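Chemist: Can you keep this structure in mind? I'll have questions shortly.
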Amino acid sequence: MRIEHDRENNVAYIYLVDEIGEGEAVTQIEVEDDDLRGEIVLDLDREGRLLGIEVLGASRILRPEVLALADDEAGEGDDGDDDRDDDGDDGDGDGGGQGGSSLPPYEPHLR
């Protein structure tokens, strides 16, 4: 299992398998609940097995320690200043932490 986090778009993807091949995620199920502060989409293969979990609004749904485990490239070119104020928020109003990322734009597996 691994986690990717696109901080700029506030999206995380939790891989439950090593890799998801092109066209392998054939079904998506949106988890709908009024208590969620974002969106969750389950990606399933042809046999209905769960491949991964897409989390939109990741900083509002996932705990910071989970996002800290994410594979991202925010450290490249980092000047050491993460632009957070005293409460850990980066002040951009989305409630998230460090903004910006050198990751490519998020592309869902199936849409």
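Just so it is clear, none of the values below were taken in a lab; they were calculated from the coordinates. All of these numbers come straight from a predicted model, not from anything done at the bench. Reconstructed Cβ throughout: ideal geometry from the backbone, glycine too, with neighbour counts over all protein chains shown.
Chemist: Counting only residues 5 or more places away or on other chains, whose amide H sits under 5 Å from the amide H of residue 52 once H atoms are built in the peptide plane?
Modeler: For residue 52, whose amide H was placed from the backbone, the distant partners under 5 Å are 16, 43.
Chemist: Taking loop as defined by DSSP and a crowding limit of 10 other beta carbons within 10 Å, which GluC sites (Glu not before Pro) in the stretch 1-77 fit? Walk me through the numbers on the way to the answer.
Modeler: Working: sites: 4, 8, 19, 22, 24, 30, 32, 39, 47, 54, 65, 73, 76; in loops: 8, 19, 22, 24, 32, 47, 73, 76.
Those that pass, being in a loop and sparsely packed, are 19, 22, 32, 47, 76.
Chemist: Let me ask you something else. Got a sec to turn the phi values of the stretch 38-51 into Karplus ³J(HN,Hα) couplings, 6.51 cos²θ - 1.76 cosθ + 1.60 with θ = phi - 60°, whole Hz, x for Gly and Pro?
Modeler: Listing the rounded values in order: x, 10, 10, 10, 9, 9, 10, 8, 4, 8, x, 8, 6, 9 Hz.
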